[in-house]
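**Student:** The structure follows.
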Amino acid sequence: MKVLVATEKPFAKVAIDGIKNVIDAAGYELALLEKYTEKAQLLEAVADADAIIIRSDIVDAEVIAAAKNLKIVVRAGAGYDNVDLQAASAAGVCVMNTPGQNANAVAELALGMMVYGVRNLYNGTSGTELMGKKLGIHAYGNVGRNVARIAKGFGMEIYAYDAFCPKEVIEQDGVTALNSVEELYSTCQVVSLHIPATAETKNSINYDLLNKMPKGAMLVNTARKEVINETEVIKLMEDRTDFRYMTDIMPATHAEFAEKFAGRYFSTPKKMGAQTAEANINAGIAAANQIVGFLRDGINRFQVNK
Ligand code: 3PG
């Protein structure tokens, strides 16, 4: 069995070593395609792969068709909007993610971006503190929970809204569960996004929603750029000079944001929420173990295209 790690944004070497140990112990072969720049390279590399480990790499119908031996794709991470689930199912390919494995890394970055934002991008001027501010966690999954845990240490008042997570689960963590997205945004000065990119959420963070936020508002996005209506966020930031946007996923219109909103807009050059040795090790080794469990014992826990 051949397991391909195809990562345009590579894992830390220590994580690759861990993946290799798992694959070697199973008697499988490991192949690496890192930092590739052309889709053709991926199409060639998948040709004889039985299993693939990816990150945000695009696995569309063409990639699946090119992978004649493919049985399983594991997205080492949370969001699987980069995989064509229908094409995978049609080809009999199992798709999994590794939920929770990189959640702390993303949550730590979200809090880091909050501090960076309220301290005026460390430009030497007087900023504000997070203590006592109302934080809204938009979606209470693995990352949202970790954000709540860390934000408590900052002394923030924590609120959350999640359409799917029961209120009792949220409130067990000492977080106030609100009834609607609108209520979350009108209550909180800082909102941290943790929603996946789906047909329902795409473009859903728009002018009307963000304009409900109180004065001194800040939006922190460590989720997906597709959920943001960029044109409307630009309009909102033009109308509201108090509004800040910190993002780990560079907008398509980054140049416009950077030019118009210097000092209250920041984007990482490349999504780095999950770029820690620990998260790479956790997600990468979990992916390798899930592949072995599936190929050897048929274990399909974490399959997302059932
Ligand atoms: C995820 O969905 O797990 C995060 O967005 C991290 O993505 P990455 O593995 O491409 O950094």
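**Student:** Output the number of the condition that F11 fails; it satisfies all remaining conditions of (1) under 22 Å from the mean Cα position of the chain (by Cα); (2) assigned to a helix (DSSP H, G or I); (3) hydrophobic (A, V, I, L, M, F, W, C).
**Tutor:** Checking F11 against (1) under 22 Å from the mean Cα position of the chain (by Cα); (2) assigned to a helix (DSSP H, G or I); (3) hydrophobic (A, V, I, L, M, F, W, C), the one that fails is (2).
**Student:** Within the range 235-263, can you find the residues that are of a type outside the set (F, W, Y), buried (at least 19 other Cβ atoms within 10 Å of the Cβ) and more than 16 Å from the ligand (Cβ to nearest atom)?
**Tutor:** L236, M237, R244
**Student:** From the list A258, A252, A262, exactly one residue is touching a residue at least 24 places away in the same chain (Cβ under 8 Å) and at negative phi. Which is it?
**Tutor:** A252
**Student:** Let me ask something else about it. Hand me the list of helices (runs of 4 or more DSSP H) wholly inside the range 161-212 holding 2 or more residues that are modelled with pLDDT under 95 and assigned by TED's automatic domain parsing to the domain that holds V233.
**Tutor:** No helices (runs of 4 or more DSSP H) qualify here.
**Student:** Could you grab me the full set of residues in the range 106-140 that are in a loop (DSSP other than H, G, I, E, B) and either open to solvent by 30 Å² or more (accessible area, probe 1.4 Å) or not assigned by TED's automatic domain parsing to the domain that holds T222 (or both)?
**Tutor:** Those that are in a loop (DSSP other than H, G, I, E, B) and either open to solvent by 30 Å² or more (accessible area, probe 1.4 Å) or not assigned by TED's automatic domain parsing to the domain that holds T222 (or both): R119, N123, G124, T125, S126, G127, T128, E129, M131, G132, K133.
**Student:** To continue, here is another question. Every residue in the range 14-47 that is acidic (D, E) and either outside any helix (DSSP H, G or I) or on the phi > 0 side of the Ramachandran plot (or both), please.
**Tutor:** Within the range 14-47, E29, E34, E38 qualify.
**Student:** While we're on this one: Given the options K71, K35, K39, name the one that is within 16 Å of the ligand (Cβ to nearest atom) and either of a type in the set (D, E) or surrounded by fewer than 23 Cβ atoms within 10 Å (Cβ to Cβ) (or both).
**Tutor:** When all the criteria are applied, what remains is K35.
**Student:** Scan the range 84-93 residue by residue and report those that are aliphatic (A, V, I, L, M) and either touching an Asp or Glu at 6+ places or on another chain (Cβ under 8 Å) or more than 16 Å from the ligand (Cβ to nearest atom) (or both).
**Tutor:** Result: A87, A88, A90, A91, V93.
**Student:** Working carefully through the options A6, A15, A78, find the one that is in contact with a Pro (Cβ under 9 Å, 6 or more places away or on another chain), crowded, with 17+ Cβ neighbours inside 10 Å and closer than 21 Å to I281 by Cα.
**Tutor:** Just one listed residue meets the conditions, A78.
**Student:** Taking the residues in the range 265-306 that are without any contact (Cβ under 8 Å) to a residue 24 or more places away in the chain and touching a Ser or Thr at 6+ places or on another chain (Cβ under 9 Å) as candidates, determine which candidate is nearest to the ligand (Cβ to nearest atom).
**Tutor:** T268
**Student:** Restricting to the range 224-233, name every residue that is open to solvent by 10 Å² or more (accessible area, probe 1.4 Å) and away from the ligand (no atom under 16 Å from the Cβ).
**Tutor:** Of everything in the range 224-233, those that are open to solvent by 10 Å² or more (accessible area, probe 1.4 Å) and away from the ligand (no atom under 16 Å from the Cβ) turn out to be N229, E230, T231, E232.
**Student:** Then there's this: Counting only residues that are over 26 Å from G77 (Cα atoms) and touching a strand residue (DSSP E or B) at 6+ places or on another chain (Cβ under 9 Å), which one in the range 143-170 is surrounded by the fewest Cβ atoms within 10 Å (Cβ to Cβ)?
**Tutor:** Filtering the range 143-170 for residues that are over 26 Å from G77 (Cα atoms) and touching a strand residue (DSSP E or B) at 6+ places or on another chain (Cβ under 9 Å), the one surrounded by the fewest Cβ atoms within 10 Å (Cβ to Cβ) comes out as E168.
**Student:** Among V175, V190, which is the only one that is under 20 Å from the mean Cα position of the chain (by Cα) and buried (at least 23 other Cβ atoms within 10 Å of the Cβ)?
**Tutor:** Of the residues listed, the single one that is under 20 Å from the mean Cα position of the chain (by Cα) and buried (at least 23 other Cβ atoms within 10 Å of the Cβ) is V190.
**Student:** On to the next question. Restricting to the range 123-163, count the residues that are under 20 Å from A217 (Cβ atoms) and either among the charged types (D, E, K, R) or out of contact with any Leu (no Cβ under 6 Å at 6 or more places or on another chain) (or both).
**Tutor:** The qualifying residues number 20.
**Student:** Further question: Give the residues of the range 103-140 that are out of contact with any strand residue (DSSP E or B) (no Cβ under 7 Å at 6 or more places or on another chain), farther than 15 Å from I150 by Cβ and within 16 Å of the ligand (Cβ to nearest atom), sorted by residue number.
**Tutor:** Within the range 103-140, just A139 meets the criteria.
The values are calculated or read from the model by the stated rules, or taken from the named source; none is laboratory data. For clarity, every value in this text was computed on a predicted model and none was experimentally measured. Quick reminder, even Gly has a Cβ in these numbers, built from the backbone with ideal geometry, and neighbours come from all protein chains shown. Quick note on the areas: whole protein, heavy atoms, side chains included, nothing else; ligands and nucleic acids left out. Shrake-Rupley method; radii C 1.70, N 1.55, O 1.52, S 1.80 Å.
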